[in-house]
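Right, one structure below, let's go through it.
Please treat every number below as a calculation from the coordinates, not as lab data. None of the values given here were measured: they were computed from a predicted structure. Note that each Cβ is placed from the backbone with ideal geometry, even for glycine, and that neighbours are counted across all protein chains shown.
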Amino acid sequence: MSTSRATVLIIEDDPQIQRFLTAALESHDYEPVSADNGADGLRLATTRQPDVVIVDLGLPDMSGLEVIKRLREWFQRPIIVLSARSQESDKVGALDIGADDYLTKPFGVAELLARMRVAMRHRVGGESQPRVEIGMLVIDLSARRVMRGDQEIHLTPIEYKLLAALIQHRGKVLTHRQLLREVWGAAHVESPQYLRIYMRSLRQKIEDDPARPRHLLTEIGVGYRLSDAQP
């Protein structure tokens, strides 16, 4: 998908931030539409079918979390939270119910636009790509093979399952609970030590410098994100 004239729905009750976002998005060839409460935001999402939704959590008529929950009953495109709430519990709650990303106010326009591009690219890409390239890595999901150049990287079944889960949602922050549920099952969502151990091992195998990872990124206190950004 080209980002040219992609429609962005802004659900934000602060008129100053709404005007700022509208101007910033228009200057980068997006088509912004705005709502200052959750009910109008849900209505516009239905009528305008936006390519991405930006939503604040503190809305006057309902929680932004409720807006996300209702959207995710039918809306498959990216949802990005933009909120002054910086508590880890707020971030985890939004991501767990279906947000693709979470930015804390104050924010940089360049970062917001980058997060939008990543979320849109990977939502459109879907889950059916059998071959994925991330930097120097080539992951063949159908053959369950991971290559760096001509060298095959041997992963354990759990390491591969963890990497595949991150690839399926690449560009999106996955909470600890989401990854534990996908890789180990619902019985292990309270066992984050599993995740830390295998993430460390996976970084040792696929990152050029595991101490400064470029692809397997930590969102402190929240979870992990797979980035395919180039250095």
For this session: Report the label-to-label distance for ARG145 and GLU133 in nanometres (one decimal), using points 7 Å from each Cα along the Cα→Cβ vector.
Result: 1.6 nm
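Excluding GLY223 itself, calculate the net charge of residues whose Cβ lies under 11 Å from the Cβ of GLY223, where each Lys or Arg counts +1 and each Asp or Glu counts -1. Working shown, then result.
Values: positive: LYS91, LYS172, ARG177, ARG225; negative: GLU88, ASP96, GLU219.
Result for the neighbourhood of GLY223: +1.
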Exercise. What is the spin-label model distance, in nm, from ALA186 to ASP209 if the labels are put 7 Å beyond Cα along the C-beta direction?
Worked result: 4.3 nm
Exercise. At GLU26 and GLN49, where each label point lies 7 Å from the Cα along Cα→Cβ, what is the point-to-point distance in nanometres?
Worked result: 2.5 nm
For this session: Check cross-link reach from LYS69 to the lysines: straight Cα distance under 20 Å, and skip same-chain residues fewer than eight apart.
Result: LYS91, LYS172
Problem set entry | Rounded FRET efficiency, nearest 0.05, which uses the C-beta distance separating ILE158 from GLU66 and R0 of 30 Å | 0.25
Problem set entry | Relative exposure of VAL222, VAL52, judged by other C-beta atoms within 10 Å (fewest first) | VAL222, VAL52
Seminar exercise, completed: Net charge near LEU179 (other residues with Cβ under 12 Å of its Cβ; Lys, Arg +1; Asp, Glu -1) is +3
Exercise. Under a GNM of the chain (C-alpha, springs under 10 Å), which listed residue has the highest mean-square fluctuation: GLU190, GLU207, GLU12?
Worked result: GLU190
Seminar exercise, completed: Sorted by chain and number, the residues with a modelled amide H under 5 Å from that of GLU219, at a separation of 5 or more or across chains, are TYR224, ARG225
For this session: Project the alpha carbons of segment 34-136 onto their principal axes and report the range along each, largest first, in whole Å.
Result: 46, 30, 24
